[in-house]
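The block underneath contains the structure these notes are about, expressed in C-alpha cells.
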Amino acid sequence: MSKKRIGLRQLKLLFVKLVLSLFLLSVAWVLLYKWVDPPATLHMVKRRAEAGKADKNEPTIKQTSVSLDEMSDQLPLAVVASEDQLFLQHSGFDMDAIMDAFKRNQKGGNIRGGSTISQQVAKNVFLWHGRSYLRKAVEAYFTVLIELIWGKERIMEVYLNIAEMGDGVFGVEAASQLYFNKPARDVGRQQAALLAAVLPNPIKYSAKNPSGFVLRKRGRIARAMGRLGGTTYIKTILSGYEETK
C-alpha cells in the first residue's frame, strides 16, 4: 500500500509540475509578444501551404507589421464599429454577444460567432483554427492573459497586423498598399470601412473588387463609425491623439 501511495503522490507531483510549466511557458510567450511582433501565425502558414498545393503564381504571404502610430486612426475605429463596439469596455468577453450567438446557433443554419477582437487575437496568434470545446477553453485562457498583460492598445495593434484581408493578404499595411496604393497611415474612413467589411470572409469578399453586398456593408460601418463619435471613441488607445472625425 505504501508503494502505491508513493507512486500516486509522485504522479500528482508530476502533474502539478507539468501544469505549472505550461502556465509559465504561456505567460512567457504572451510577454514576448507584448514587445515582439508575431513572426507568423498558424493560419498564415496554412494559407501558404494551401497556395503552394494550388500551384498559385504568387503563393507567398503578404504581411508587414507596423505600429498603431503608423496606422490611420480610422482603421481601429472601423474594426471596433464592425466587429466589437464594446472593445474598450469589456475585459475580453462580450457575454451578451456570446449568448446571442449560442441561441442563434441552436436554431441551426449558418454558424455565428460571438468572439470579441481580444478572442480573435488570442485564437489567431496562439492557436489553431477549428471548433472544439478544448480550443475554446484554451482561447479563453489566452484571452485573459493578453487582456492582463498586453492591454487594449497592443491587442488592437496585433489584430490590425494579422487580420486576414484577402487571399494571402494579412494586416492593414499590406492590404492598404495592395488595394489603395498607399500606406496604412493615409487610409480614410471609407477605405477603412471597406477593409473592415471583408473581415468575416476575406476569401469570399474582396476589397479590391467589392460586391454590392460589401459596398452596402461598408456604408453601414462608416455610419456606425460616425455614430460612435468618430475617433474620439477610441482615443484611449491612440497615443498623441488628435481628433480626426
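The values are calculated or read from the model by the stated rules, or taken from the named source; none is laboratory data. A quick note: this is a predicted structure, and the numbers were derived from the prediction, not measured. No Cβ is skipped: glycine too gets one built from the backbone with ideal geometry, and neighbour counts run over all protein chains shown. SASA here: full protein model, heavy atoms, side chains in, ligands and nucleic acids out. Shrake-Rupley method; radii C 1.70, N 1.55, O 1.52, S 1.80 Å.
Rolling a 1.4 Å probe over the protein heavy atoms gives the chain an accessible area of 57 Å² per residue.
Distant-in-sequence amide contacts of Val187, defined by a placed amide H-H separation under 5 Å and a gap of 5 or more residues or a different chain, comprise Ser72.
Structure remark: mean-square fluctuation, Gaussian network model of the chain, C-alpha springs under 10 Å; the largest value among Lys62, Lys217, Lys136 belongs to Lys136.
Is region 178-227 best put as rounded, prolate or oblate by its Cα gyration tensor, with a ≥ b ≥ c the root eigenvalues, rounded for a/c under 1.5, and otherwise prolate when a/b is larger than b/c, oblate when not? Oblate shape, in that a/c is at least 1.5 and b/c is the bigger or equal ratio. Within the accessible surface of the chain, defined with a 1.4 Å probe on protein heavy atoms only, the carbon and sulfur portion equals 57 percent. Of all aspartates and glutamates in the structure, those lying under 19 Å Cα to Cα from Lys34, and not within fewer than 8 positions of it along the same chain, are Asp69, Glu70, Glu139, Glu147, Glu153, Glu157.
Ranked from the most accessible area to the least, with a 1.4 Å probe and all protein chains present, what is the order of Thr143, Thr236?
Accessible-area ranking of Thr143, Thr236, largest first: Thr236, Thr143.
Between Trp128 and Phe15, the modelled labels are 2.5 nm apart [label points 7 Å from Cα along Cα→Cβ].
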